[in-house]
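Quick notes on the structure that follows.
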Amino acid sequence: SGKPSAGRITYMGQLIAERLTGQPTDFYCSPAMQHGTDTEPQARAAYSFINDVDVVERGLVEHKTIPMFGASCDGFVGEDGLVEFKCPNVATHIDYLMSQKIPKKYFDQMQAQMSCTGRKWCDFMSFDPRMPEHLNKLIIRVERDDKYIQEMEMEVIKFNLEIDEKLKILEAL
């Protein structure tokens, strides 16, 4: 449609506010979000056990060439991989099991993580320990898509230039 999404506009506003005030934006944490945070260590342990790998946490990884672009990956796996954990509500987990597909927003997130880290693949893991054991996990591997990443990086650069323009206008007021 050519019109920026409400989410893009809101996110840009938050980033501008953070740069102007030097303070991070407060964000709402719903009970479902808290459940995800609380359950992630169990998901990490299950993934490590199933795949017989160590999952290393590293925090924010900044992109090597694009300023103000970074990714906080849930885990690094071996030399080439990443893992992204989702611990959603039961209905959402069941949707993931039934569709065997990753929602686009998470596909985008995983490609951005591979862009920032240089990694070759990222496993998406939906985990819900409340489900019977044979249904409590779904792991889908996503390979790095260099063409998709290149387009995303161009969008990030455009987004950052837009923020810089708006900051200049605000600083001139």
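What does DSSP give for the chain in terms of the percent of beta bridges that are antiparallel, rounded to the nearest 5?
On the way: 15 of 21 bridges.
Looking only at bridges with both residues in the chain, the antiparallel portion is about 70 percent.
Model label sites at LEU170 and THR25, defined 7 Å from Cα along the beta-carbon direction, differ in position by 1.1 nm. The helix-only estimate of mean residue ellipticity at 222 nm for the chain, built from DSSP H runs of length n ≥ 4 each weighted as -39500 (n - 2.57), is -17000 deg cm²/dmol after division by the residue total.
Dipole magnitude of region 44-138 about its Cα centre, charges +1 at Lys/Arg Cβ and -1 at Asp/Glu Cβ only, in debye to the nearest 20?
On the way: 11 positive and 13 negative charges, 60 e Å.
With Lys and Arg at +1 and Asp and Glu at -1, about 280 debye.
Please sort 21-30, 84-93, 52-61 by packing, taking for each peptide the average over its residues of neighbouring beta carbons within 10 angstrom, highest first.
Numbers: 21-30: 8.3, 84-93: 17.1, 52-61: 11.9.
Those peptides, ordered most packed to least, come out 84-93, 52-61, 21-30.
Rg/Rh for region 64-173 stands at 1.10; both radii use Cα atoms, and Rh follows the Kirkwood definition. In the assembled protein chains, PHE107 presents an accessible area of approximately 60 Å² (probe radius 1.4 Å).
What FRET efficiency comes out for TYR148 versus ASP80 if R0 is 25 angstrom and r is the Cβ-Cβ distance? Round to the nearest 0.05. The formula returns an efficiency of 0.90 here.
Taking the Cα centre as origin and putting +1 on Lys and Arg beta-carbons and -1 on Asp and Glu beta-carbons, what dipole magnitude results for the chain, to the nearest 20 debye? Roughly 400 debye, rounded to the nearest 20. Between the listed residues CYS29, TRP121, LEU60, the Cα displaced farthest toward the positive end of the dipole of the chain, a dipole computed from Cβ unit charges relative to the Cα centre, is found at CYS29. Compute the distance from the alpha-carbon center of region 1-51 to that of region 105-173, in whole Å. Rounded to whole Å, the Cα centres lie 12 Å apart. Residue separation of ASN89 and SER72 scaled by 0.36 nm, minus their Cα-Cα distance, works out to 3.9 nm of gained length.
Can you tell me the accessible area per residue over region 47-144, all protein chains present, probe 1.4 angstrom, in square angstrom?
On the way: 5290 Å² over 98 residues.
It amounts to 54 Å² per residue over region 47-144.
With the whole protein complex present, ARG130 retains an accessible surface near 130 Å², based on a 1.4 Å probe.
The Cβ shell under 12 Å around ILE149 holds other residues with a net charge of -3, Lys and Arg each +1, Asp and Glu each -1.
Which entries in the list LYS3/LYS64; LYS86/LYS120; LYS105/LYS158 go over 28 Å, if you measure between the two C-alpha atoms of each?
LYS3/LYS64
Taking all protein chains as shown and a probe of 1.4 angstrom, ARG44 keeps an accessible surface of around 30 Å².
Of the beta bridges DSSP finds with both residues in region 45-147, what % are antiparallel, to the nearest 5? Can you show the working numbers first?
Details: 15 of 21 bridges.
Restricted to region 45-147, the bridges split so that about 70 percent are antiparallel.
The values are calculated or read from the model by the stated rules, or taken from the named source; none is laboratory data. Note that the coordinates shown come from a computational prediction; the quantities given were computed from them, not determined experimentally. Here the Cβ is made from the backbone with ideal geometry for all residues, glycine too, and neighbour counts use every protein chain on show. To get the accessible areas, we keep the full protein, side chains included, count just its heavy atoms, and leave off ligands, DNA and RNA. Shrake-Rupley method; radii C 1.70, N 1.55, O 1.52, S 1.80 Å.
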